[in-house]
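Inspection log for the structure reproduced underneath, given as structure tokens.
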């Protein structure tokens, strides 16, 4: 373990965020550099807790106490190797994961938990800076080929694991560059794309082929992939957004968040070609519907684009600021979280339902809403919602962004052509080895489990790779991610 008294001597400390007045004028990441000595100090807070619940909290099953101890002792390269044993892309999770490991940290019972996510990110960044992260080529090739459809975190993790098992892997991506939501959904101020690009380059040097601009089920049939490859992995994600079937939804100015965010990412990468409709918050009054991470991403983006005013509405009641009796440790607590974007501006409001949109000459001018009242949670963890009589209101706006999550993967095209079996939620149904109802076709990530976290996507990709390897070879040396249950 690290310093036996570290958790008594030191408090939780995170890297400083860049001043708001500086960071809102660019698209660079918002954290300052965290000195190595402070990283060691934070790693020393990891306790000899007997049963490390952080293992269970992490979907990847990261061996957190071990690499915390190595980081505390300055054995950075060994710590990174321990981290890479369970996580292909720790800089991605270190920057983007909501850290369920930290909410299940034993220290978190009565103190602030260990800063696991920031230590993880530091190890990965140091590994790149020191040249420790290099292509890992398989010792020999099996002669088997695999097509991975989709290059988000699940597809990338699956492809890298299968390649390291010796199979020849081709990744098919419908966008012009690989990365999925990592490239076109996550704003650059949360993760600059240079971190993604060098992982893609590493994978190319390992022998993985990326075919971009290929929409499987449209420009290329699934039957062609099945003929050309010994196995096919569906990792295209959950792409059908949740919509609002309300009067005025058709007005110019009401857009899905995932039609809005990719445009700005393309502008930052200088690949924007003026696709229509162009969506920008510059000079506009903006309303964001949805209080999750995507809503916060829209908020930070709209601020940087020059919105005149931004309001973010959430249909659920305002969460408590700390755990209550309904969310005891080590359960993931549904508490109020303030992102960096919320520090930068905008108003937040809870228990609000949208009733309709109003406009003039086909253009949005107002959102019409009503306030809600929620009952206490029942034994099944459910609350009843009622509209508050007389609480109707109207807010002026030029742009509404729907950040309401996703329903399931697109059924038209690839899945319909495959005639693959779906579950009750419209996701691809698989067995415990991630095999679908179609022989030789597997699925992982959001396409299989529904909209989820980046850490779940990577875990699913790794597990799916093991299932494919077993199917192709009859045995597998790929590690088992013990924290991932079969659906």
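Name every residue in the range 212-238 that is more than 25 Å from residue 470 (Cα to Cα), in contact with a strand residue (DSSP E or B) (Cβ under 9 Å, 6 or more places away or on another chain) and surrounded by fewer than 16 Cβ atoms within 10 Å (Cβ to Cβ), in order of residue number.
Within the range 212-238, 212, 213, 215 qualify.
Tell me yes or no: at least one residue of the range 72-84 is buried (at least 21 other Cβ atoms within 10 Å of the Cβ), outside the structural domain of residue 179 (by TED's automatic domain parsing) and under 21 Å from the mean Cα position of the chain (by Cα).
Checking the range 72-84: at least one residue is buried (at least 21 other Cβ atoms within 10 Å of the Cβ), outside the structural domain of residue 179 (by TED's automatic domain parsing) and under 21 Å from the mean Cα position of the chain (by Cα).
Does residue 455 qualify as being farther than 30 Å from residue 362 by Cβ and more than 23 Å from the chain's Cα centre (by Cα)? Write out each step before concluding.
Details: farther than 30 Å from residue 362 by Cβ: yes; more than 23 Å from the chain's Cα centre (by Cα): no.
Judged against the criteria, residue 455 is not a match.
Being surrounded by 11 or more Cβ atoms within 10 Å (Cβ to Cβ), more than 30 Å from residue 264 (Cα to Cα), modelled with pLDDT of 95 or more and in the same structural domain as residue 119 (by TED's automatic domain parsing), is that true of even one residue in the range 13-26?
yes
Restricting attention to the range 404-425, which residues are under 19 Å from residue 464 (Cα atoms) and exposed (fewer than 15 other Cβ atoms within 10 Å of the Cβ)?
Matches in the range 404-425: 421, 423.
Of the conditions (1) over 27 Å from residue 183 (Cα atoms); (2) outside the structural domain of residue 353 (by TED's automatic domain parsing), residue 393 satisfies every one except a single condition; which number is it?
(2)
Can you pull out every residue in the range 15-37 that is in contact with a strand residue (DSSP E or B) (Cβ under 8 Å, 6 or more places away or on another chain) and touching a residue at least 40 places away in the same chain (Cβ under 8 Å)? Full working, then the answer.
To start, the set of residues in the range 15-37 that are in contact with a strand residue (DSSP E or B) (Cβ under 8 Å, 6 or more places away or on another chain) comprises 15-18, 23, 30-32.
Listed by number, the residues that qualify are 15, 17, 23, 30.
Condition (residue is over 24 Å from residue 349 (Cα atoms), crowded, with 18+ Cβ neighbours inside 10 Å and either touching a helix residue (DSSP H, G or I) at 6+ places or on another chain (Cβ under 9 Å) or not assigned by TED's automatic domain parsing to the domain that holds residue 24 (or both)) applied to the range 244-263: is it met by at least one residue?
yes
The values are calculated or read from the model by the stated rules, or taken from the named source; none is laboratory data. As the structure is a computational prediction, the values presented were derived from the model and not from experiment. Cβ: placed from backbone, ideal geometry, glycine included. Neighbour counts: every protein chain shown.
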